[in-house]
Amino acid sequence: LKTGYVNDFMRYTDKVNSNDDNYSIDSKSKTNRYIADINYRYYCSHIISFDFGSNYNLLIGNLDNYGKTVKENNVALYSGLRLKFKKFISNLSFRKEFVENLDPKIQFSGGLRYAAIKNRFEIKSSYSDKFRVPDFNEKYWIPGGNANLEPEYGWGSDLGFEYTLFNKDSFNTCYL
């Protein structure tokens with residue numbers, strides 16, 4: 001279980017001319033973010049484990065240029081499965097976000113790691129769906145914010161190789 005609080009103050013100023021006494025733009029933004037996260041991991045055996053959890057974010061912004069307070073609630077539920085068998089480790093996870101006035105699809109991610117040469121060479125691959133809600137700056141910042149921005153959707157994947165030149169036992173003695 002984790003919880004947190006973040007307080008931010010940002011100010012953007014601009015002058016038409018550097019010699020001016022007054023700002024042509026004086027934008028202030030104050031935000032408070034309350035965060036909570038809970039995660040539970042269950043080991044069925046040394047081969048299989050499950051994760052279940054939830055995230056909660058409450059963002060409250062006092063935006064002087066808009067003359068109002070804006071609130072956003074975001075809740076997410078997730079679960080995951082990890083399998084470890086001989087030289088293979090695989091994981092699958094699912095995440096569902098609950099955002100006001102939006103209904104994003106369930107996000108999926110998965111990965112596979114193969115230890116081709118134990119403690120020396122691994123092959124890794126992963127895929128994940130992406131979802132991101134525009135932040136307060138993108139929506140409300142003066143100048144340039146757009147309160148009607150849509151969320152971003154996408155995906156990412158990678159393939160990688162890892163070779164360990166020296167293992168940790170190679171450096172267990174230090175000479176000065």
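Data overview
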read-out	value
Residues located in the range 5-50, provided they are in a strand (DSSP E or B) and small (Gly, Ala, Ser)	SER27, SER29, ALA36, SER49
From the options SER27, SER49, residue that is under 28 Å from the mean Cα position of the chain (by Cα), modelled with pLDDT under 95 and open to solvent by less than 50 Å² (accessible area, probe 1.4 Å)	SER27
Number of the exception - LYS84 against (1) more than 20 Å from ILE35 (Cα to Cα); (2) open to solvent by less than 70 Å² (accessible area, probe 1.4 Å); (3) not acidic (Asp, Glu)	(2)
Test: ASN55 is part of a strand (DSSP E or B), surrounded by 15 or more Cβ atoms within 10 Å (Cβ to Cβ) and within 19 Å of the chain's Cα centre (by Cα)	yes
Matching entry among LYS96, LYS15, LYS2 (being more than 28 Å from GLU122 (Cβ to Cβ), modelled with pLDDT of 95 or more and open to solvent by less than 80 Å² (accessible area, probe 1.4 Å))	LYS96
Residue, nearest to LYS87 (Cα to Cα), within the range 109-124, restricted to residues that are more than 30 Å from the chain's Cα centre (by Cα) and among the aliphatic types (A, V, I, L, M)	ALA116
Residue that is surrounded by the fewest Cβ atoms within 10 Å (Cβ to Cβ), among those in the range 30-39 that are hydrophobic (A, V, I, L, M, F, W, C) and under 17 Å from SER79 (Cα atoms)	ILE38
Criterion violated by TYR42 - all others in (1) exposed (fewer than 15 other Cβ atoms within 10 Å of the Cβ); (2) of a type outside the set (A, V, I, L, M); (3) over 23 Å from ALA147 (Cβ atoms); (4) within 19 Å of the chain's Cα centre (by Cα) satisfied	(4)
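The values are calculated or read from the model by the stated rules, or taken from the named source; none is laboratory data. Remember, it's a predicted structure, so these values are computed and weren't measured experimentally. Here Cβ is always computed from backbone atoms with ideal geometry, including for glycine, and neighbour counts include all displayed protein chains. Areas reflect the complete protein model, heavy atoms only, side chains present, ligands, DNA and RNA absent. Shrake-Rupley method; radii C 1.70, N 1.55, O 1.52, S 1.80 Å.
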